[in-house]
Amino acid sequence: MYIQHLIRSPHSLIAFCCLILCFATDRSSAQGDFSLRGSISSRLTLLSARDETLLNPQQQLVTLPEWVNRLYSDLTISAFSPKWDILLTLRPIFDQTEDDTENEIFVDNAYVIYRSMSGFFLTAGKQNFAEGVALHFNPTDFLGEGKEVDPLLTEEERKQQREGSYFIRLERLYPSWTLSLLVAPELGRRQPQKNRGILKISKQFGSADGSLLVLVTDDRPGLGLNFSTTYGAALELHVEAALRRESHRGFLEKGVEVFPDSGIFQYKIVDPEDENELFAQMVVGGHYTFSNKVNVIFEYFYNQDGYNEAEWQSFTDAIEQNNSLLLSFPNDLRSLLLRNLSLANSLMTFRSLRQHYAFLRISKPQLIHKIEATLVYFTNLEDKSFVLNPRLEYKWIKGFSFSVGALVFEGKQTTEFAFTPMQNQWYFQVQKSF
């Protein structure tokens, strides 16, 4: 792509975004509307690696940087007419560490919507289509599974700033309900997931909204349900649930023993034999806004597809054994033991490894003058490990903001969030929106 070739350095990215900024506007005419909007951000993150983590002993598996400077942008170009909408979202990212630089440009959206006078909508192209009523985890977000997101973004930003999926969707709008059919085909490396079809029925019930989704695919088909309701202007309650066939998790299993009676094995990943079993995921939660504008969001997440206590114990025992052997055995077995730990790392789907989680977010829009304060606490209810994410944002003049924040991972050695290679991440960000 020409733009990918053009944006090779932070200077060229800044120049590119400044050029876009000069033309950022809304234009209207008799034929339609044109809009150019987005943001450019610079974020410096200081990383504090754990002195010892079982999955990366003495940083032998992965060498971690001490800081990352990320320059990124989110640019959306849209055109509207009585019958057609066209939208393009580009997200260039430039990362710099003390040893390396990387740059990439993502196309999150590139799609067309056609509207007919009879209430039909036809969408075709690539779209970041986020589904679900919950905030922190969305079991019904079938198209969002496996999408890479930036953990330092807010929960809302993670849903917005991620790569989209290729699909065709047909919608029919009625006075109080909507029917839609979506088809997302397998497209090789561009979209390696197997063919997926999603049928969705949405219905309004006064102050409540509900939707039912049916996912048809060869890879873990299922059903989804969303329901939310409000009580006055202060309270919102929601439920989001999905029922899927087959498990998404994998198991670390002993394979060939290297030497007879050595106790050293080459491990492998195996899938559970549960092709005909059903697994439920459910989020129950709500929002409440107090009279002083303090907003509290709480969610409980149940994940039947997570490791139970026996499975987790078997997993951590294998990691501990390989870790111990790596630190004490001769160098000729180092590559094998590192490979075993690398396999364990590939199974670490943080925030959904186990079965019971709680999420809490407290925010105050005007803590002091133009400063907004947010505190996020997310915990594994089974092993008590947790993530803490405080953030302060100063909204300076129109479109400019400054943010400071952190990600802190805490837990005992064999708990979920103690396995993360980073213990603390502190960041400072400057953002210009237009």
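Give me the log10 of I(q) over I(0) for the chain at q = 0.07, 0.11, 0.14 Å⁻¹, as the Debye formula computes it from C-alpha points; what are the numbers?
Log-scaled intensity ratios, in q order: -0.41, -1.06, -1.67.
Given the C-alpha centroids of segment 325-356 and segment 297-321, what is the distance between them in whole angstrom?
One Cα centre to the other: 16 Å.
For segment 309-375, what is the Kirkwood hydrodynamic radius in Å, using each pair of distinct C-alpha atoms?
15.5
I'd like the distance between the alpha-carbon centres of segment 39-68 and segment 99-168, rounded to an integer number of Å.
Centre-to-centre (Cα) distance: 27 Å.
Report D for segment 38-149 in µm² per second (integer): Stokes-Einstein, Kirkwood Rh on Cα pairs, 10 °C, 1.306 mPa s. Don't skip to the answer; put the middle values down first.
Details: Rh = 17.8 Å.
Answer, rounded: 89 µm²/s.
Please report the spacing between the Cα centers of segment 215-248 and segment 375-434 in Å, no decimals.
Using only Cα atoms, the two centres lie 26 Å from each other.
Mean Kyte-Doolittle of at least 0.5 plus a Cα span of 15 Å or more along the axis: flag which DSSP H helices in the chain meet both, please. Walk me through the intermediate numbers first.
Values: long enough: 10-23 (20 Å, 2.12); 309-328 (28 Å, -0.48); 334-346 (18 Å, 0.18).
Within the chain the helices that satisfy the rule are 10-23.
For the chain, what does the helix formula give at 222 nm: sum of -39500 (n - 2.57) over DSSP H segments with n ≥ 4, over the residue count, nearest 500 deg cm²/dmol?
On the way: 5 runs with 58 residues, N = 434.
-4000 deg cm²/dmol, from helical runs alone.
What's the long-distance tail for segment 222-330, i.e. % of Cα pairs beyond 19 Å?
Values: 3777 of 5886 pairs.
Tail of P(r) above 19 Å: 64 percent of Cα pairs.
Once you've got the Cα coordinates, tell me which of Lys194/Lys268; Lys370/Lys398; Lys370/Lys432; Lys126/Lys159; Lys398/Lys432; Lys83/Lys159 are over 19 Å apart.
Working: Lys194/Lys268 24 Å; Lys370/Lys398 11 Å; Lys370/Lys432 16 Å; Lys126/Lys159 15 Å; Lys398/Lys432 9 Å; Lys83/Lys159 27 Å.
Result: Lys194/Lys268; Lys83/Lys159 exceed 19 Å.
Which of the peptides 140-146, 368-374, 71-77, 116-122 is most tightly packed, and how do the rest follow, judged by the mean count of other Cβ atoms within 10 Å per residue?
Values: 140-146: 19.1, 368-374: 14.0, 71-77: 21.4, 116-122: 11.0.
Ranked by mean Cβ neighbours within 10 Å, highest first: 71-77, 140-146, 368-374, 116-122.
Students often check this: by mean Cβ neighbours within 10 Å, which of 80-86, 282-288, 98-104 ranks highest, and how do the rest follow?
Values: 80-86: 13.6, 282-288: 18.7, 98-104: 11.3.
Top to bottom by mean Cβ count within 10 Å: 282-288, 80-86, 98-104.
Rule-based calculations on the coordinates, nothing more; no lab input. Here the structure is a predicted model, which means the values were calculated and not measured. Positions of Cβ are backbone-derived with ideal geometry, glycine not excepted, and every protein chain shown enters the neighbour counts.
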